[in-house]
Amino acid sequence: MMIDERRDIVERFLERCIAYSNASIERKEHRNDNLEDINKWKAYRDFMRITVKEIRAKELDTWLEDGPVSYEPGTEK
């Protein structure tokens, strides 16, 4: 599988996680659930949004390939 295909699959998965998170947050707010739980879901959603941006910017390509992985932001691919 080519890197573009891998990137697309992961991005689609993360976008679905974000959509699910938004729906979950809305349900929890509607039910007046515990604010701490709602904030955990918001943090999860926000982290996924950041990750999608990094995937689109090709900053995490080494994570999608076989071989060494870079944990440094902005590292050349």
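Spin-label model, Ile9 to Glu54: label points 7 Å out along the Cα-to-beta-carbon direction sit 2.0 nm apart. Mind listing the long-range amide H neighbours of Ser70? Cut-off is under 5 Å, sequence gap 5 or more, other chains count too, H placed in the peptide plane at 1.01 Å from N. Amide H neighbours of Ser70: Thr62, Trp63. Computed from point charges on the beta carbon alone (+1 for Lys and Arg, -1 for Asp and Glu), the dipole magnitude for segment 3-64 about its Cα centre is near 120 Debye.
Summarising the label geometry, the points placed 7 Å from Cα in the beta-carbon direction at Ala19 and Ala43 lie 2.7 nm from one another. Net charge in the neighbourhood of Asn34 (other residues with Cβ under 12 Å of its Cβ; Lys, Arg +1, Asp, Glu -1) is -1.
Can you find, among Leu14, Ala43, Leu60, the residue sitting farthest towards the positive end of the charge dipole of the chain, where Lys and Arg contribute +1 and Asp and Glu -1 at Cβ? The residue sitting farthest along the positive end of the dipole is Ala43.
Helix-only arithmetic for the chain: the sum of -39500 (n - 2.57) across DSSP H runs with n ≥ 4, divided by the residue total, places the mean residue ellipticity at 222 nm at -23000 deg cm²/dmol. The trypsin sites (Lys or Arg not before Pro) of segment 20-50 meeting both criteria, a DSSP state outside H, G, I, E and B (loop) and at most 11 other C-beta atoms within 10 angstrom of the site's C-beta, are Arg31.
Total lysine pairs in the chain at Cα distances under 25 Å, for residues eight or more apart or on different chains: 7.
Each value in this text was obtained by applying a stated rule to the coordinates, not by laboratory testing. If you're wondering where the values come from, they're calculated on a predicted model, not measured in any experiment. Glycine also receives a Cβ, built like all others from the backbone with ideal geometry; neighbour counts cover every protein chain displayed.
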